[in-house]
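Student: Could you have a look at this structure, given as structure tokens, before my questions?
The values are calculated or read from the model by the stated rules, or taken from the named source; none is laboratory data. In this text, all values refer to a predicted model and were calculated from it rather than measured experimentally. Every residue, glycine among them, receives a Cβ derived from its backbone with ideal geometry; neighbour counts consider all protein chains shown. Protein only, heavy atoms only, side chains kept; ligands, DNA and RNA dropped before computing areas. Shrake-Rupley method; radii C 1.70, N 1.55, O 1.52, S 1.80 Å.
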Amino acid sequence: MSEATAPAFSLELSEDVRDVRDWAHGFAADVIRPAAAEWDEREETPWPIIQEAAKIGLYSLDFFANQWLEPTGLGIPVAFEELYWGDPGIALAITGTGLAAVSVASNGTQEQLFEWVPQMFGSADDIKLGAFCSSEPGAGSDVSAIKTRAVYDQAKDEWVINGVKTWATNGGIADVHVVVASVEPEFGSRGQASFIIPPNTPGLSQGQKFKKHGIRASHTAEVVLDNVRVPGSCLLGGKDKLDERLARAREGKRSKGQAAMKTFEASRPSVGVMAVGCARAAYEYARDYSIQREQFGKPIGDNQGVAFLLADMVTRIDAARLLVWRAAWMARNGKDFTNAEGSMSKLYASETATFVTQNALRILGGNGYTRECPVERWHRDATIFTIFEGASEIQKLIIGRTITGLPIR
């Protein structure tokens, strides 16, 4: 094959993606980082920071849509890495609405997308939030165990929803909630559907707000649904699509996918890159510290033990980023995750974040263990990436079943 006809291959980011990266990095460095310790201690939603992000268009439907539709698929990963480099807790407060939006995009109709996603973001003058509610006290990794029930009232063309959701980012304070509920419990995850709960719907309330180990600036709470009634139009994808899926389940045919898992599959590369941003922050801090800190008459970075740790840290970060980029590119270009590439990216990146932050803390020694140093906070924050949106063990199970061809329940 001649050089002229050889297919192009490049890992160089486009100018537009680089511009967004630099814009997000500037906001992270100038606005998020200086406020990170305060909001971690307060354990409250950082409304002033979200407001600042909204004013410049960083928290907006336009921003999320443009980056989601960026042709290479790298718009969201590149921007998210910078925000989470700033601070994972505040960044999740800014980006948490995205999971609810992805759920509507993955499971809903065009009409539902255009109606509800704008209401999740609002405007710079009137900020709104979205929340995706899947997990329950008895259903975390086992999505098929969801007990929240949705019953169709044909006479009124309404769905009546009852149950309790937990671990919901923005749960109870969001304007629009997306709730995964069981319609036909006997079919497990195949009998589930997602529902929009519009703003100010009677019967929806916030339960316990959780005090967390990390990402404390992000609101996490229970959501209680007590005879919540929503119009039939709030069933994502519509009733015809649900009835077709239930008919397949009754006939014993394999499902084409179910509500919660379709959302998680679409979001896994984004979660992976959150972990990359956190890891990179800790690595850079430890690297700079190792150059400045002297013991026994030389910088500690000159010691093989520290140098080897830094080498392992930066290598794993780069590998994690490339796995995320590959999965994001595949998703944007309609490539199937034939080897569970989305789960690979989330698994490796989240484990990398815990590895890097733990070793960054070790490099800093006693200084790293104090709250005067951000590494301690990043170490706490990193833990969540191995837990939420599919724990590492679940990702391994998905990868294993995908490459062996065994069914993923």
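Student: Among the listed residues ALA181, ALA174, which satisfies the condition of being assigned to a loop (DSSP other than H, G, I, E, B), crowded, with 21+ Cβ neighbours inside 10 Å and over 15 Å from the mean Cα position of the chain (by Cα)?
Tutor: Result: ALA174 is the single residue among ALA181, ALA174 that is assigned to a loop (DSSP other than H, G, I, E, B), crowded, with 21+ Cβ neighbours inside 10 Å and over 15 Å from the mean Cα position of the chain (by Cα).
Student: If we keep just the residues of the range 283-333 that are of a type in the set (Ser, Thr, Tyr) and in contact (Cβ under 8 Å) with a residue 12 or more places away in the chain, which is nearest to PHE9 (Cα to Cα)? Write out each step before concluding.
Tutor: Going residue by residue through the range 283-333, those that are of a type in the set (Ser, Thr, Tyr) are 283, 285, 289-290, 315.
Remaining after also requiring in contact (Cβ under 8 Å) with a residue 12 or more places away in the chain: 283, 285, 289-290.
Working: TYR283: 29, TYR285: 33, TYR289: 37, SER290: 36 Å.
The qualifying residue nearest to PHE9 (Cα to Cα) is TYR283.
Student: GLU372 - would you say it is open to solvent by 60 Å² or more (accessible area, probe 1.4 Å), free of Cβ contacts under 8 Å to residues at least 60 places away in the same chain and farther than 11 Å from ALA282 by Cα? Before you say what the answer is, go through the steps one by one.
Tutor: Numbers: open to solvent by 60 Å² or more (accessible area, probe 1.4 Å): yes; free of Cβ contacts under 8 Å to residues at least 60 places away in the same chain: yes; farther than 11 Å from ALA282 by Cα: yes.
Answer is yes for this residue.
Student: Just the residues that are open to solvent by less than 50 Å² (accessible area, probe 1.4 Å) and not in a loop (DSSP other than H, G, I, E, B), please, taken from the range 159-171.
Tutor: Matches in the range 159-171: TRP159, VAL160, ILE161, GLY163, LYS165, THR166, ALA168, THR169.
Student: Related question: Only one of ALA29, ALA35, ALA54 is open to solvent by less than 50 Å² (accessible area, probe 1.4 Å) and in contact with a Ser or Thr (Cβ under 7 Å, 6 or more places away or on another chain). Can you tell me which?
Tutor: Values: ALA29 fails: in contact with a Ser or Thr (Cβ under 7 Å, 6 or more places away or on another chain); ALA35 fails: in contact with a Ser or Thr (Cβ under 7 Å, 6 or more places away or on another chain).
Going through ALA29, ALA35, ALA54 in turn, the sole match is ALA54.
Student: Of the conditions (1) more than 30 Å from TRP378 (Cβ to Cβ); (2) in a strand (DSSP E or B); (3) not small (Gly, Ala, Ser), GLU222 satisfies every one except a single condition; which number is it?
Tutor: Answer for GLU222: the failing condition is (1).
Student: Now for a different question. Return the residue satisfying two criteria in turn: it lies in the range 57-101 and is touching a strand residue (DSSP E or B) at 6+ places or on another chain (Cβ under 9 Å) and polar (S, T, N, Q), and of such residues it is surrounded by the fewest Cβ atoms within 10 Å (Cβ to Cβ).
Tutor: The residue in question is SER60.
Student: Another question about this same structure. If you check ALA279, ALA311, which single one turns out to be at pLDDT 95 or above, assigned to a helix (DSSP H, G or I) and either of a type outside the set (A, V, I, L, M, F, W, C) or out of contact with any helix residue (DSSP H, G or I) (no Cβ under 9 Å at 6 or more places or on another chain) (or both)?
Tutor: ALA311
Student: Got at least one residue in the range 111-131 being in contact (Cβ under 8 Å) with a residue 60 or more places away in the chain, over 30 Å from ALA29 (Cβ atoms) and under 21 Å from the mean Cα position of the chain (by Cα)?
Tutor: yes
Student: Which one is farthest from LEU113 (Cα to Cα) among residues in the range 184-208 that are touching a residue at least 12 places away in the same chain (Cβ under 8 Å) and loosely packed, with under 15 Cβ neighbours inside 10 Å? Break it down stepwise before answering.
Tutor: Here is the first cut: in the range 184-208, the residues touching a residue at least 12 places away in the same chain (Cβ under 8 Å) are 184-185, 187-199, 201-208.
Right, trim to loosely packed, with under 15 Cβ neighbours inside 10 Å and you get 185, 199, 202, 205, 208.
Details: PRO185: 27, PRO199: 16, PRO202: 23, SER205: 24, GLN208: 30 Å.
If we take residues in the range 184-208 being touching a residue at least 12 places away in the same chain (Cβ under 8 Å) and loosely packed, with under 15 Cβ neighbours inside 10 Å, then GLN208 is farthest from LEU113 (Cα to Cα).
Student: Okay, moving on. Quick check on this structure: which one of GLU244, GLU186 is over 22 Å from the mean Cα position of the chain (by Cα), under 19 Å from THR148 (Cα atoms), of a type in the set (D, E, K, R) and not in a strand (DSSP E or B)? Walk me through how you get there before you give the answer.
Tutor: Details: GLU244 fails: under 19 Å from THR148 (Cα atoms).
Exactly one of GLU244, GLU186 is over 22 Å from the mean Cα position of the chain (by Cα), under 19 Å from THR148 (Cα atoms), of a type in the set (D, E, K, R) and not in a strand (DSSP E or B), namely GLU186.
Student: Here is a follow-up. Looking at the range 62-76, is at least one residue touching a residue at least 60 places away in the same chain (Cβ under 8 Å) and either in a helix (DSSP H, G or I) or of a type in the set (D, E, K, R) (or both)?
Tutor: yes
Student: Another one. Could you please find all residues in the range 120-157 being open to solvent by less than 50 Å² (accessible area, probe 1.4 Å) and in a strand (DSSP E or B)?
Tutor: Those that are open to solvent by less than 50 Å² (accessible area, probe 1.4 Å) and in a strand (DSSP E or B): GLY122, ILE127, GLY130, ALA131, PHE132, CYS133, GLU136, ALA139, ALA150, ASP153.
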